[in-house]
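The values are calculated or read from the model by the stated rules, or taken from the named source; none is laboratory data. Quick caveat: nothing in here was measured; it's all calculated off a predicted structure. FYI the Cβ positions are ideal-geometry reconstructions off the backbone, even for glycines, and counts take in every protein chain you see. Just the protein is used for accessible areas: all its heavy atoms, side chains included, with ligands, DNA and RNA removed. Shrake-Rupley method; radii C 1.70, N 1.55, O 1.52, S 1.80 Å.
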Amino acid sequence: SAAIFVFKPLQSEPRSRCWPRGAMSSPEIASLSWGHMKVKGCSSSYKDCKVWPGGSREWNWRETGTDHYPGVQPADLEEILKKGVETLVIGRGMSEALQVPSSTVDYVKKQGVDMKVLQTEKAVKEYNNLAGQGAKVGGVFHSTC
């Protein structure tokens with residue numbers, strides 16, 4: 001019998017990445033509206049985004065199979081935690097539809113990182129406040145429901 005091989009295409013690089021000028025500070029989120037986020041110093045906009053000291057990119061839920069329920073997975077956060085953040089802010093959406101399971105909270109705490117889980121508008125405000133103070137802060141933000 002002949003062996004059948006199935007090759008999966010390599011996960012493509014995320015479409016939009018941005019490294020604003022200016023060392024390794026956490027970039028400010030310049031604007032937020034339903035389905036639309038802009039990060040200061042970046043020409044592209046995002047529906048959902050990840051930010052960390054020195055950069056940002058689109059948060060594509062298909063990369064990890066994330067959905068509103070069960071919610072944010074540790075795999076969604078690994079990239080940001082590897083950047084050496086001391087605080088991680090999660091924006092659960094405008095109506096807080098995106099869940100954050102206790103297993104994800106435990107995972108972040110085991111990394112020794114403070115975590116704030118908020119409605120997205122409040123999360124962006126908190127993130128920008130921390131970034132403005134020079135904190136090593138990262139975040140993931142859902143800009144719709």
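Site pair H36 and M24 shows an inter-label distance of 3.5 nm when each label is modelled 7 Å from Cα along Cα→Cβ. One decimal place: the segment A75-S43 gains 8.9 nm when fully extended, by the rule 0.36 nm per residue minus the C-alpha distance. Determine the distance separating the Cα centre of segment 46-76 from the Cα centre of segment 78-116; give it in Å without decimals. The distance from the Cα centre of segment 46-76 to that of segment 78-116 comes to 11 Å.
Per-residue packing, averaged as other Cβ atoms within 10 Å, sorts the ranges 90-101, 30-41 into the order 90-101, 30-41, beginning with the highest. What's the FRET efficiency of K110 with R62 using the Cβ-Cβ distance as r and R₀ = 35 Å, to the nearest 0.05? In this case the efficiency is close to 0.85.
Between Q119 and E86, the distance separating the two model label sites (each 7 Å from Cα on the Cα→Cβ line) works out to 2.9 nm. Cα to Cα, under 19 Å, and not fewer than 8 places away if on the same chain: which lysines meet these conditions relative to K82? Within the straight-line limit of under 19 Å, K82 reaches these lysines: K50, K109, K110, K116, K136. For segment 106-145, the carbon plus sulfur part of the accessible surface works out to 44%, probe radius 1.4 Å.
Decide, for segment 83-145, between rounded, prolate and oblate: order the square roots of the alpha carbon gyration tensor eigenvalues as a ≥ b ≥ c, take rounded if a/c falls under 1.5, and otherwise choose prolate if a/b is larger than b/c, else oblate. Here segment 83-145 falls in the oblate category. For segment 29-145, the solvent-accessible area of protein heavy atoms averages 45 Å² per residue (probe radius 1.4 Å; ligands and nucleic acids excluded).
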